[in-house]
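Here the structure is laid out as structure tokens; the discussion comes afterwards.
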Amino acid sequence: MGIVNISGLRKSFADITAVKGVSIMIESGEVHGILGPNGAGKSTTIGCMVGLVPYDEGSVLFEENQSIAKWKKNIGYVPQDLAIYPDLTAEENVKFFCSLYGFTGKELQKKVDAALDFVGLLEVKRKKASEFSGGMKRRLNLACGIVHSPKLIIMDEPTVGIDPQSRNRILENVRALNKAGATIIYTTHYMPEVEEICDKITVIDHGKVIATGTKTEIIERMGRDREIDVTFADGSADLTGYEEAIKMIQGVHRCVTEFEEGIPTCKIFHSEESSVMENMIRLATEHQLTITNIKSLEPSLEEIFLTLTGKELRDGE
């Protein structure tokens, strides 16, 4: 069993079923991204996980089959909506949340200072939160969620609406927290963030899990092609024989040639199990072609996401 085991989770609001039998296993020590369009059910799933939303069916258990009531002290929750008090200083905000976990005196102050230092706000700890920029408020929000050194940190859209520098600092914080031993559940609409920091991904849509695993595992299950682009030196070379030979390689599905300013690039679309690169170079030599550039590509996470969930606009959540 992982650090979190969600099984058969269902939740309805009046006549709308927001979560329809969701099951997710979160392994200890991983950064697990949860993705979904607006209204997909991911925020409701997170709410059920942390005990803020009562669910109708299913179970949410933590390590050693513990319930949220027994295990909640081990959770740090960083919500999308800022959970800070604007009229309090940064230090007072973090101190308040840390005190909820029973810390007092010197130990409390030590944890508060460590959390503020971790997010880069120690030097401004006596400034009111209302005086902070959007990025600073997001970092303060993070400090409040992790000050008690939780085993599991759930971050819901932690970088929404902030500047690139603050976003980069938060991503560095996520990596550091994970390296220090924390398990991270991370929801976001920024696909590059997920590709950069997440070990595994779960895609939720219409209240159901539609894909889960590493990016490579999801691509393989979808049957999506990888792509290798091979550029040749001689624009006058006859690539007909080369293309036909490439198509005979096991796992190659398509091979097309495009010209840019007279320079040919052969685009080879293949499945993961094919040994394209080795054969491609061998065949180029046999056909007396000079390769000037090779670029290996795979579908981006955004392409995968749109394939799984569709391209229509969504409202809600």
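The values are calculated or read from the model by the stated rules, or taken from the named source; none is laboratory data. Remember, predicted model here, so these are calculated numbers, not experimental data. Methodologically, a virtual Cβ is constructed for each residue, glycine included, from the backbone with ideal geometry; neighbour enumeration extends over all protein chains shown. Just the protein is used for accessible areas: all its heavy atoms, side chains included, with ligands, DNA and RNA removed. Shrake-Rupley method; radii C 1.70, N 1.55, O 1.52, S 1.80 Å.
So the values come out like this:
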read-out	value
Pairwise centroid distance, computed over Cα atoms, of region 7-45 with region 86-131, Å	32
Centroid-to-centroid separation of region 47-67 and region 142-188 [C-alpha atoms, Å]	22
Qualifying lysines (Cα of each under 16 Å from Cα of LYS179; at least 8 residues distant if same chain)	LYS151, LYS200
By accessible area with a 1.4 Å probe, ligands and nucleic acids excluded, highest first: order of HIS270, HIS287	HIS287, HIS270
Order of exposure, largest accessible area first, which applies to VAL256, VAL53, VAL276 with probe 1.4 Å	VAL256, VAL53, VAL276
Long-range amide H partners of TYR186 with built H, under 5 Å	HIS32, GLY33, ILE34, MET155
Set of lysines with alpha-carbon distance to LYS110 below 18 Å, sequence-local pairs under 8 removed	LYS95, LYS125
In Å², nearest 10: area of MET136 left accessible to a 1.4 Å probe	50
Rounded to whole Hz, the Karplus (6.51, -1.76, 1.60) HN-Hα couplings of region 149-161, x for glycine and proline	6, x, 6, 10, 10, 10, 10, 9, 6, x, 10, 5, x
Charge-dipole axis of the chain as Lys and Arg at +1 and Asp and Glu at -1 on Cβ define it, positive-most pick from SER23, THR307, MET136	MET136
Of all accessible heavy-atom area on the chain, the percent that carbon and sulfur account for (1.4 Å)	49
Candidate lysines for bridging to LYS295, where Cα separation is under 20 Å - those fewer than 8 sequence places away on the same chain excluded	LYS215, LYS247, LYS267
Gyration tensor (alpha-carbon) shape descriptor, region 56-167, a/c threshold 1.5	oblate
Estimated 222 nm signal from helices in the chain, with DSSP H stretches of n ≥ 4 weighted -39500 (n - 2.57), rounded to 500	-10000 deg cm²/dmol
Accessible area of region 115-213 divided out per residue, in Å², using a probe of 1.4 angstrom	40
Packing-based ranking, highest mean first, of 57-64, 194-201, 80-87 given that Cβ atoms within 10 Å are counted	194-201, 57-64, 80-87
Rounded to the nearest 10 Å², the accessible area of THR89 at probe 1.4 Å	20
